[in-house]
1. Could you tell me which residue of the stretch 1-31 is surrounded by the most Cβ atoms within 10 Å (Cβ to Cβ), considering only residues that are closer than 21 Å to Ala143 by Cβ and of a type in the set (A, V, I, L, M, F, W, C)?
2. Among the candidates Ser158, Ser83, which residue alone is assigned to a strand (DSSP E or B), small (Gly, Ala, Ser) and farther than 21 Å from Pro220 by Cα?
3. If you scan the stretch 115-165, which residues turn out to be among the polar types (S, T, N, Q), at pLDDT 90 or above and within 16 Å of Ser65 (Cα to Cα)?
4. Kindly indicate the residue of the stretch 100-144 that is over 20 Å from Pro10 (Cβ atoms), basic (Lys, Arg) and assigned to a helix (DSSP H, G or I) and also nearest to the chain's Cα centre (by Cα) among those meeting that condition.
5. So Arg147 fits all but one of (1) surrounded by 15 or more Cβ atoms within 10 Å (Cβ to Cβ); (2) part of a helix (DSSP H, G or I); what number is the exception?
6. Among the numbered criteria (1) modelled with pLDDT under 95; (2) touching an Asp or Glu at 6+ places or on another chain (Cβ under 6 Å); (3) among the β-branched types (Val, Ile, Thr), which single criterion is violated by Thr96?
7. Does the stretch 7-37 hold any residues that are among the small types (Gly, Ala, Ser), part of a loop (DSSP other than H, G, I, E, B) and under 13 Å from the mean Cα position of the chain (by Cα), and which are they?
8. Run down Met61, Met75 and say which single residue is among the hydrophobic types (A, V, I, L, M, F, W, C), in a strand (DSSP E or B) and within 25 Å of Gly182 (Cβ to Cβ).
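The values are calculated or read from the model by the stated rules, or taken from the named source; none is laboratory data. Every value quoted in this text rests on a predicted model; they were computed, and no experiment measured them. Ideal geometry is used to build each Cβ from the backbone, glycine not excepted, and the neighbour counts take in all protein chains shown.
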Amino acid sequence: MPDRNLLLIPGTLCDAELWRHQIDHLGDVAKVHVGRHSLDDTAEAIAHRLLDEMPPGPFAMAGLSMGGYLALTVMRIAPERVSRLCLLDTSARADTPDQAKRRADLVALAQKGDFQGSTQRMLPVFIHPDRLDEEPLRSNVMAMNKRVGLEAYLRQQSANASRIDERPYLAEIRCPTLVICGRQDVLLPPEHSEELAAGIPGATLVYIEGCAHLPTMERPQATTALLRYWLLRD
């Protein structure tokens, strides 16, 4: 059993299935843990839970989208716990007023009883347009969203809205950092990843072509290969 611990943090409306390929193919180089990010309604509370539930000592950490927001929160709270960091299709920025309104509108729609409809509306921003009708990708994303469910989704959106602007803290990150971005991500376009890579000393930025917001599911082999390199490099 590897002695390296790896924490994978899913995004909003996502669970361990987001990381299925990585869980199945990185077990020879790390002991994989999937963070629980649906039980609290602030980014700080979730970050503390993630830290408390990991084994003692340093660990590698990767987060996608909301998972990246949480990873940056963990880095600010307990940088000594993280040996290396990977941020996928995420941002260090807090919500703009437009983003806050869009988030509130999605929450309102879900609370009115159209939770499945609100998640259906997210598919075109989660998945590359050329793959929207591709199975099993489409059905796997929708099934994952359904498993997360309304109550957890509302807590996640509250946590997303609570996050602060992490950009002033990026320069304090000292561990080896990999930033991955789907080139065609429209939810958090490449400029967010470019900003992360520019702000974190020594960070490496990699684009995945033909990919939108969910590289771990849309381009699983490429993403797993990048994570393996990140875990094993000196």
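1. Checked the stretch 1-31; the qualifying residue surrounded by the most Cβ atoms within 10 Å (Cβ to Cβ) is Ile9.
2. Values: Ser158 fails: assigned to a strand (DSSP E or B).
Answer to the check: Ser83.
3. Taking the stretch 115-165 first, the residues among the polar types (S, T, N, Q) are 116, 118-120, 139-140, 145, 156-158, 160, 162.
Subset that is at pLDDT 90 or above: 139-140, 145, 156-158, 160, 162.
Of everything in the stretch 115-165, those that are among the polar types (S, T, N, Q), at pLDDT 90 or above and within 16 Å of Ser65 (Cα to Cα) turn out to be Asn145, Gln156, Gln157, Ser158, Asn160, Ser162.
4. Arg102
5. Condition (1) is where Arg147 drops out.
6. Of the numbered conditions (1) modelled with pLDDT under 95; (2) touching an Asp or Glu at 6+ places or on another chain (Cβ under 6 Å); (3) among the β-branched types (Val, Ile, Thr), the odd one out for Thr96 is (2).
7. Selection gives Gly11, Gly35.
8. Every option except Met61 fails the conditions.
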